[in-house]
Amino acid sequence: QVQLVESGGGLVQAGGSLRLSCAASGSISSIYLMGWYRQAPGKQRELVAVITSGGATNYADSVKGRFTISRDNAKGTVRLQMNSLKPEDTAVYYCKCTSFGGRSEYWGQGTQVTVSS
């Protein structure tokens with residue numbers, strides 16, 4: 001079992017920056033993939049960025065060049081540095097992790113990010 005706790009959301013003006021953090025506890029050595037997803041009102045949840053235990057990353061096209069995901073395997077933490085934020089980045093951001101083999105998935109409770117124009 002893995003538990004995820006997110007922090008770092010808030011309100012920022014367009015063009016500003018925020019950093020989200022997610023701390024995993026429990027069986028952190030079983031985690032292969034960690035990442036961030038977001039869900040805006042009336043829209044489906046979508047991938048923002050993910051990172052493997054080996055450091056390979058994948059980003060949504062809409063955030064490439066603006067967001068950076070990083071991870072500390074030993075501590076079980078994943079961060080999302082968000083720069084040049086836009087109003088369309090407004091959403092609830094969720095941390096997710098997936099175990100090796102994909103047998104288990106865990107979600108955090110979500111943290112609100114609001115970007116004002």
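The values are calculated or read from the model by the stated rules, or taken from the named source; none is laboratory data. For clarity, every value in this text was computed on a predicted model and none was experimentally measured. A quick note on method: Cβ atoms are made from the backbone with ideal geometry, for glycine too, and the neighbour counts reach across all protein chains shown. For accessibility, only protein heavy atoms count, side chains too; no ligands or nucleic acids. Shrake-Rupley method; radii C 1.70, N 1.55, O 1.52, S 1.80 Å.
Among (1) under 10 Å from the mean Cα position of the chain (by Cα); (2) over 23 Å from S84 (Cα atoms), there is one condition S30 misses while meeting the rest; what is its number?
The one condition S30 does not meet is (1).
Going by what's in this entry, would V50 be described as of a type in the set (V, I, T) and touching a Gly at 6+ places or on another chain (Cβ under 9 Å)?
Details: of a type in the set (V, I, T): yes; touching a Gly at 6+ places or on another chain (Cβ under 9 Å): yes.
Yes, satisfied.
Of these, A91, A49, which one is of a type in the set (A, V, I, L, M) and more than 11 Å from the chain's Cα centre (by Cα)? It would help to see each step written out before you state the result.
Values: A49 fails: more than 11 Å from the chain's Cα centre (by Cα).
None of the other options fit; the residue is A91.
For region 82-117: of the residues being part of a strand (DSSP E or B) and charged (D, E, K, R), which is nearest to G35 (Cα to Cα)? If you could, list the steps in order and put the result at the bottom.
Keep residues of region 82-117 that are part of a strand (DSSP E or B), which gives 82, 91-99, 105-107, 111-116.
Imposing the further condition that a residue be charged (D, E, K, R) reduces the set to 96, 105.
Values: K96: 5, E105: 11 Å.
Checked region 82-117; the qualifying residue nearest to G35 (Cα to Cα) is K96.
For region 70-78, check the following and say yes or no: at least one residue is surrounded by 21 or more Cβ atoms within 10 Å (Cβ to Cβ) and within 10 Å of the chain's Cα centre (by Cα).
Checking region 70-78: at least one residue is surrounded by 21 or more Cβ atoms within 10 Å (Cβ to Cβ) and within 10 Å of the chain's Cα centre (by Cα).
Just give me the residues in region 47-61 being open to solvent by less than 50 Å² (accessible area, probe 1.4 Å) and not in a strand (DSSP E or B), in sequence order.
S53, G55, A60
For region 35-46, indicate whether the set of residues that are part of a strand (DSSP E or B), loosely packed, with under 15 Cβ neighbours inside 10 Å and either in contact (Cβ under 8 Å) with a residue 12 or more places away in the chain or out of contact with any Cys (no Cβ under 8 Å at 6 or more places or on another chain) (or both) is non-empty.
Yes; the residues of region 35-46 include at least one that is part of a strand (DSSP E or B), loosely packed, with under 15 Cβ neighbours inside 10 Å and either in contact (Cβ under 8 Å) with a residue 12 or more places away in the chain or out of contact with any Cys (no Cβ under 8 Å at 6 or more places or on another chain) (or both).
Are any residues in region 1-34 open to solvent by less than 50 Å² (accessible area, probe 1.4 Å), in contact with a Gly (Cβ under 9 Å, 6 or more places away or on another chain) and in a strand (DSSP E or B), and if so, which ones?
Once the filter is applied, which keeps residues that are open to solvent by less than 50 Å² (accessible area, probe 1.4 Å), in contact with a Gly (Cβ under 9 Å, 6 or more places away or on another chain) and in a strand (DSSP E or B), region 1-34 yields V2, L4, E6, L18, L20, S21, C22, A23, A24, I31, L33, M34.
Do you know which residues across region 79-117 are polar (S, T, N, Q), open to solvent by less than 30 Å² (accessible area, probe 1.4 Å) and in contact with a Leu (Cβ under 7 Å, 6 or more places away or on another chain)? Working first, answer last.
Taking region 79-117 and keeping what is polar (S, T, N, Q), we get 81, 83-84, 90, 98-99, 104, 109, 111-112, 114, 116-117.
Okay, now just the ones that are also open to solvent by less than 30 Å² (accessible area, probe 1.4 Å), so 98-99, 111.
Residues satisfying the conditions are T98, T111.
Would region 62-81 turn up any residue that is in contact (Cβ under 8 Å) with a residue 12 or more places away in the chain, assigned to a helix (DSSP H, G or I) and not polar (S, T, N, Q)?
Scanning region 62-81 turns up at least one residue that is in contact (Cβ under 8 Å) with a residue 12 or more places away in the chain, assigned to a helix (DSSP H, G or I) and not polar (S, T, N, Q).
Starting from region 92-112, keep only residues that are without any contact (Cβ under 8 Å) to a residue 24 or more places away in the chain, then list their pairs with residues that are part of a strand (DSSP E or B) and among the polar types (S, T, N, Q) whose Cβ atoms are within a distance under 7 Å, requiring at least 6 positions of separation or different chains.
Hits for this filter: E105/T98.
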